[in-house]
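This report concerns only the one structure given below.
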């Protein structure tokens, strides 16, 4: 029997080769039906900075011809890192829209799937040099970030104030500023890893030395009583009283870059400090200065902050995936919450936005997460 491929046909053809078999052949015009329509089942994580890598879990995706595959995010085509019928890894492009973005996938048949939704970070400012968390002024709600520079480099402007119009010069008096935090009265304090001092920034933007000789001073945080804690990355956490007198409060493993500090809801201090290991820990320090491992398994953990439910968010990599990692309140589980490259810190504003700082750029994500007053 001869089958005309240009005519719709459905029938049975008998074929004899030793034994009799039955084969069903079906043509519809010249188009063969390969798969049903592709479908996005999950985006992991559902929030990302530009250039972050997300996993799109899907069904019936025909990735047999890569040149015909396409992922669209917020109207922009993304770069596909890898793909198969159930999973696509894609790099998120920079988009012009604010907030949420529609995601569709196209395979060999060039038919777009139904759209799913994710959040892509909106750029607030660039040309910064952050090395730790940014910080929000609790009174005014303004955001402050550092332009730290390399060790010993004296830049004309080292602290920037960020608003809807971008970054603006705030102060240049602190060399190599690292940690920024506000005390319960709304006063800004900044550590300098250059001279080992903590500076109080006055209402006239003058930086006045508050505590001195703290080694390589990096991380900075305040407890519920308003006491200051500063991390010397060579292995010491200092506790500092109201007049700037310091005592060695806890001994911890040295870091190759900086300590990052944040207080949890229970009043314990949590700390990260990258080492040469790719399996670093978040350290928990109780009120007596005794450290224990809270969670282990992060790559280069840096800035950290808590939400009001007690979840801990850390700028780190988890199982080779980079961005912001969310750790459960009991430290039993962790997952990537925001994808991103070169992330060093984060903070939450009063509206529930997460602000994420990379080495050179600050982004905002409207995730509806509210931080604690101790971050």
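The values are calculated or read from the model by the stated rules, or taken from the named source; none is laboratory data. Please read these numbers as outputs of a predicted model, since none were measured by experiment. Here the Cβ is made from the backbone with ideal geometry for all residues, glycine too, and neighbour counts use every protein chain on show.
When you look at residue 219, is it in the same structural domain as residue 133 (by TED's automatic domain parsing) and touching a residue at least 60 places away in the same chain (Cβ under 8 Å), yes or no?
Yes; evaluated as a whole, the condition is true for this residue.
Considering only residues that are surrounded by 15 or more Cβ atoms within 10 Å (Cβ to Cβ) and either part of a strand (DSSP E or B) or modelled with pLDDT under 95 (or both), which ones fall in region 230-252?
230, 231, 232, 236, 237, 238, 239, 240, 246, 249, 250
Residue 294 passes all but one of (1) closer than 25 Å to residue 176 by Cα; (2) modelled with pLDDT of 95 or more; (3) under 26 Å from the mean Cα position of the chain (by Cα); which number fails?
(1)
Which residues, counting only those in region 269-291, are modelled with pLDDT of 95 or more and surrounded by fewer than 17 Cβ atoms within 10 Å (Cβ to Cβ)?
Matches in region 269-291: 286, 287, 288, 289, 290.
Would you check if there is a residue in region 201-213 being in a loop (DSSP other than H, G, I, E, B) and farther than 21 Å from residue 144 by Cα?
Looking only at region 201-213, we keep the residues that are in a loop (DSSP other than H, G, I, E, B), and these are 202-206, 212-213.
Still in the running and farther than 21 Å from residue 144 by Cα: 212-213.
Yes, region 201-213 has at least one match.
With the requirement that a residue be more than 20 Å from the chain's Cα centre (by Cα), within 13 Å of residue 120 (Cα to Cα) and in a strand (DSSP E or B), what does region 43-88 give you?
Hits for region 43-88 are 72, 76.
Find the residue count for region 335-352, including only residues that are surrounded by fewer than 21 Cβ atoms within 10 Å (Cβ to Cβ) and in contact with a strand residue (DSSP E or B) (Cβ under 7 Å, 6 or more places away or on another chain).
Initially, region 335-352 is screened for residues surrounded by fewer than 21 Cβ atoms within 10 Å (Cβ to Cβ), giving 335, 341-342, 349-352.
If we keep only those that are in contact with a strand residue (DSSP E or B) (Cβ under 7 Å, 6 or more places away or on another chain) as well, we get 335, 341-342, 349.
Of the residues in that region, 4 qualify.
Restricting to region 87-105, and then to whatever is at pLDDT below 95 and touching a strand residue (DSSP E or B) at 6+ places or on another chain (Cβ under 6 Å), can you tell me which residue is farthest from residue 66 (Cα to Cα)? Reasoning before the result, please.
Looking only at region 87-105, we keep the residues that are at pLDDT below 95, and these are 94-100.
Add one more test, that the residue is touching a strand residue (DSSP E or B) at 6+ places or on another chain (Cβ under 6 Å), and what stays is 95, 98, 100.
Values: 95: 23, 98: 30, 100: 27 Å.
This residue is 98.
Is at least one residue of region 182-193 in contact with a strand residue (DSSP E or B) (Cβ under 7 Å, 6 or more places away or on another chain), surrounded by fewer than 23 Cβ atoms within 10 Å (Cβ to Cβ) and either over 24 Å from residue 228 (Cβ atoms) or not assigned by TED's automatic domain parsing to the domain that holds residue 354 (or both)?
The answer is no; no qualifying residue exists.
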